[in-house]
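Peer 1: The structure's right below; bear with me while I get my questions together.
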Amino acid sequence: MSSFAEVFGGTPDGAWRAPGRVNLIGEHTDYNDGLVLPIALPNQISVTASAREDGVVAVSSNGQKGVTEFALDSLAPGSVGDWATYPAGMAWVLREAGYEIGGANLLFDSDLPTGAGLSSSAALLCATGVALLGLRGIEVDPAELARLAQKAENQYVGAPVGLMDQMASMCCTAGHALYFDIRAMSTEQIPFDPEADGLTLLVIDVKAPHRHVDGEYAARRKSCENAAAALGVPALRSIGLADLDEALGKLTDDVDRRRVRHVVTEIDRVEQAVALMHAGRLRDVGPLFTASHASLRDDFEITVPELDVAVDTALAAGAVGARMTGGGFGGCIIALVETAKADETFAAIEKAFEEHGFHAPTSLAATPSPGASKL
């Protein structure tokens, strides 16, 4: 692991961080103007930084070799490649928004697994944003910075992501889940303390290679947009659970029907989960997790065998609920388990994976953690 002095010379002016996230429930609802309920993880991307006065940003990572440099004045989508596309995109969008950031040396480090669906890309964008702004003493509302990070990923990186990941990375607080209403652009901090109920939230990376994830994500999004247009609504959020059967009857395409059913029922599950958490009934949230997974498997069709085996094994081991989390086609599951059974639950999943010939899974602690900040 290289020090800042080894890479850039001199001493840094400061360090900043932005966490990854795991979504408790509300999958593929964000781009449908829906509801989501993520927590920020203790795992994060950190950036040690110093200001430069030549209008150049130099980036390096302890996970990559070499230094990539780009001039702020010549930034445009497509002008910077590889992983540096993300910090370049954040610098570009901040300047487009009128923030007078300057050149910088940025050294990134991470304990956030990449490719696990824990939003390492949003964390990278948000960490870059708070560092570039922090170096110049510019204060920006966390939700505004989240929107800029999403714009960077949409318009500079070219990924059609929703806003949940960036909002979680910027706006979560310790000991809470972030109840985010995308249509209203409103948030509420929901107390989430599994430990107090004798529970543990296991996050298990199933180590499945992501399969066609970009094209499949875009296809799901397009299907939802087509269905909304066919139903004459701005987004599927406009279809309530009571209106679902009538809406499904108006759709001729069976795939679109299943996609709509998932989104509408998933938004309802988020509302139920929040009500139960407010009532201190966290154990009763477990079956909602499990119902969410079944919907993602059968109606949204984004699970893979590793995800299904992990969920089924966790439930057989006594988990009060389990589901895949993230975009799908690989990534992670979450399982709400009795703390006393956490180790044996993970051991059962390890054994099942060995029997199926899957890659060995890994687990991490999902303690609800704070959003991006200066270190």
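The values are calculated or read from the model by the stated rules, or taken from the named source; none is laboratory data. Just so it is clear, the model here is predicted, and its values are computed rather than measured. Here the Cβ is made from the backbone with ideal geometry for all residues, glycine too, and neighbour counts use every protein chain on show. For the accessible areas, the whole protein counts, side chains as well, though only heavy atoms, and no ligand, DNA or RNA atoms are used. Shrake-Rupley method; radii C 1.70, N 1.55, O 1.52, S 1.80 Å.
Peer 1: Residue 177 - would you say it is on the phi < 0 side of the Ramachandran plot, modelled with pLDDT of 95 or more and out of contact with any strand residue (DSSP E or B) (no Cβ under 7 Å at 6 or more places or on another chain)?
Peer 2: Considered against the rule, which asks whether it is on the phi < 0 side of the Ramachandran plot, modelled with pLDDT of 95 or more and out of contact with any strand residue (DSSP E or B) (no Cβ under 7 Å at 6 or more places or on another chain), residue 177 comes out as no.
Peer 1: Kindly provide the set of residues from the stretch 117-141 that are part of a loop (DSSP other than H, G, I, E, B) and buried (at least 23 other Cβ atoms within 10 Å of the Cβ), ordered by number.
Peer 2: 117, 118, 119
Peer 1: Take the residues of the stretch 218-268 that are among the acidic types (Asp, Glu) and in a helix (DSSP H, G or I): which is nearest to residue 32 (Cα to Cα)?
Peer 2: 225
Peer 1: Additional query: In the stretch 345-367, what residues are more than 18 Å from residue 322 (Cβ to Cβ) and not in a loop (DSSP other than H, G, I, E, B)?
Peer 2: If the condition is that a residue be more than 18 Å from residue 322 (Cβ to Cβ) and not in a loop (DSSP other than H, G, I, E, B), then 354, 355 are the ones that fit.
Peer 1: On to the next question. Hey, among 15, 76, 58, 91, which residue is touching a strand residue (DSSP E or B) at 6+ places or on another chain (Cβ under 9 Å), touching a residue at least 12 places away in the same chain (Cβ under 8 Å), outside any strand (DSSP E or B) and on the phi < 0 side of the Ramachandran plot?
Peer 2: Being touching a strand residue (DSSP E or B) at 6+ places or on another chain (Cβ under 9 Å), touching a residue at least 12 places away in the same chain (Cβ under 8 Å), outside any strand (DSSP E or B) and on the phi < 0 side of the Ramachandran plot holds for just one of 15, 76, 58, 91, which is 91.
Peer 1: Step by step: first the residues of the stretch 97-116, then only those that are of a type outside the set (D, E, K, R) and not in a loop (DSSP other than H, G, I, E, B), then the one that is farthest from residue 132 (Cα to Cα). Which residue is that?
Peer 2: Ranking the candidates gives 110 first.
Peer 1: Oh, and also: Out of 225, 246, I need the residue that is out of contact with any helix residue (DSSP H, G or I) (no Cβ under 7 Å at 6 or more places or on another chain) and either of a type in the set (Phe, Trp, Tyr) or within 13 Å of residue 29 (Cα to Cα) (or both). Which one?
Peer 2: Result of the check over 225, 246: 225.
Peer 1: Another one. Determine if the stretch 166-184 includes at least one residue that is open to solvent by 10 Å² or more (accessible area, probe 1.4 Å) and assigned to a helix (DSSP H, G or I).
Peer 2: Yes, the stretch 166-184 contains at least one residue that is open to solvent by 10 Å² or more (accessible area, probe 1.4 Å) and assigned to a helix (DSSP H, G or I).
Peer 1: Name every residue in the stretch 28-42 that is under 25 Å from residue 134 (Cα atoms) and crowded, with 24+ Cβ neighbours inside 10 Å, in order of residue number.
Peer 2: Once the filter is applied, which keeps residues that are under 25 Å from residue 134 (Cα atoms) and crowded, with 24+ Cβ neighbours inside 10 Å, the stretch 28-42 yields 39, 40, 41.
Peer 1: For the stretch 198-217, name all the residues that are in a helix (DSSP H, G or I) and open to solvent by less than 60 Å² (accessible area, probe 1.4 Å).
Peer 2: Once the filter is applied, which keeps residues that are in a helix (DSSP H, G or I) and open to solvent by less than 60 Å² (accessible area, probe 1.4 Å), the stretch 198-217 yields 213, 215, 216, 217.
Peer 1: Take the residues in the stretch 45-101 that are over 30 Å from residue 369 (Cβ atoms) and of a type in the set (Ser, Thr, Tyr), then tell me which one is least open to solvent (accessible area, probe 1.4 Å).
Peer 2: 79
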